[in-house]
Ligand SMILES: Cc1cc2nc3c(=O)[nH]c(=O)nc-3n(C[C@H](O)[C@H](O)[C@H](O)COP(=O)(O)OP(=O)(O)OC[C@H]3O[C@@H](n4cnc5c(N)ncnc54)[C@H](O)[C@@H]3O)c2cc1C
């Protein structure tokens, strides 16, 4: 065996497929390799690599912050069956890894599987190393409902910060609406970042109040989202386990799909996963994004929509860079500087504060 991937989520499967494609003998180990995924994965269309399995795509997007922003970027909802598909050459091992070295894993049932390289793509459901401070997390509750008037034509409503009719806590949350088929949409009440995550019961109450205001019946099935944001990246791992989650947006799937072929090549050539995922610029960009997260966590509830009003007035290339480009340090710095200059003084104080305590923030460097 050349490569053993621990974890058969979107990242692990993308990496295993990429390894098999270049002729590496590859296996994936996962406790439930056949269990269907309940998550609805979305991404900006232009961040996905060519050939990514897209279920539904829009050609533009919209944000409501303090006012409406129309964004000339398409948005995609991924096709889970396509994401799950593995080439027949990939061996699937059912099991839970309980111990791991660079070249072997031990499973809970005592079996040992060896490979030239072992890569951890086991996700970050536990939120990384145990710590006494609660994790910052993105939480959301979503349901699929008839399209109704939630979207205007061929678009995704990436964020709508207008307040829900009923909220029991002051923390801000937004509505995310994406088409999942021709006549249905996923509507998700989302708390972008909070330490600890906003209780799901509160998000459920807000979502239901929005649906009730539109006379939409609440379906029984719901999607529950919990994404740890302030995780410590691990250099020998991939996907969420390897720190690919954007600390200020919670996204990681598009980055994993884009990077999988490069990581596979590195493995084939005997190089480290770290050399592909974490060159100096990517570490610096990650540190800046962590500052962005800390700034968000410190904003007053009414400042958050105001912040996004400024963010979505940035030149589009700067928005793109901050949201998606992992290694454009200059572009990320320019976007943050531009945002700082355009913000009112009250917001500038929040944006600057994390920078003043830069030494105290844990970064991957
Ligand atoms: C409901 C939900 C919706 C999300 N929506 C989006 C989105 O729209 N866009 C986006 O970019 N991100 C989204 N995310 C965040 C993030 O991208 C996902 O968490 C994504 O699943 C991460 O992929 P991954 O393959 O790295 O990890 P995971 O999907 O967590 O996969 C890890 C796999 O490893 C297995 N595993 C864990 N431990 C072991 C072990 N010891 N031995 C063997 N196998 C193990 C698990 O069973 C699992 O199958 C969402 C997250 C959730 C929870």
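Bear in mind that the values in this text are calculations on the coordinates, not laboratory data. Quick caveat: nothing in here was measured; it's all calculated off a predicted structure. A quick note on method: Cβ atoms are made from the backbone with ideal geometry, for glycine too, and the neighbour counts reach across all protein chains shown.
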* **Cα gyration tensor shape for region 305-349, rounded if a/c is under 1.5, else prolate or oblate** => prolate
* Structure fact -> In degrees rounded to 10, the 0-90 angle between helix 329-342 Cα long axis and the longest Cα principal axis of the chain is 10
* To do: Please say if region 280-360 is rounded, prolate or oblate, where rounded means a/c under 1.5 for a ≥ b ≥ c the square roots of the C-alpha gyration tensor eigenvalues, and otherwise the choice is prolate for a/b larger than b/c and oblate otherwise?
  => oblate
* Structure fact -> By the Cα gyration tensor axes a ≥ b ≥ c (a/c under 1.5 gives rounded; else a/b larger than b/c gives prolate, otherwise oblate), the shape of region 162-238 is oblate
* Structure fact -> Rg (one decimal) and Dmax (whole number) from the Cα set of region 79-225, in Å, equal 20.3, 58
* To do: Based on a Kirkwood Rh over C-alpha pairs, give the Stokes-Einstein translational diffusion coefficient of region 21-166 at 25 °C and viscosity 0.890 mPa s in µm²/s.
  => 127
* Asked: Could you give the nm distance between label points at residue 59 and residue 313, where each point is 7 Å from its Cα heading toward the beta carbon?
  -> 2.9
* Kirkwood hydrodynamic radius of the chain, from inverse mean 1/r over distinct Cα pairs, in Å -> 21.3
* Mean Cβ neighbour count within 10 Å, used as a protection proxy, ranking 99-112, 316-329 highest first -> 316-329, 99-112
* Structure fact -> Listed residues 334, 83, 15; largest mean-square fluctuation, Gaussian network over the chain with Cα springs below 10 Å, found at 334
* Structure fact -> Between residue 201 and residue 99, Cβ-based FRET efficiency (R0 45 Å, step 0.05) works out to 0.75
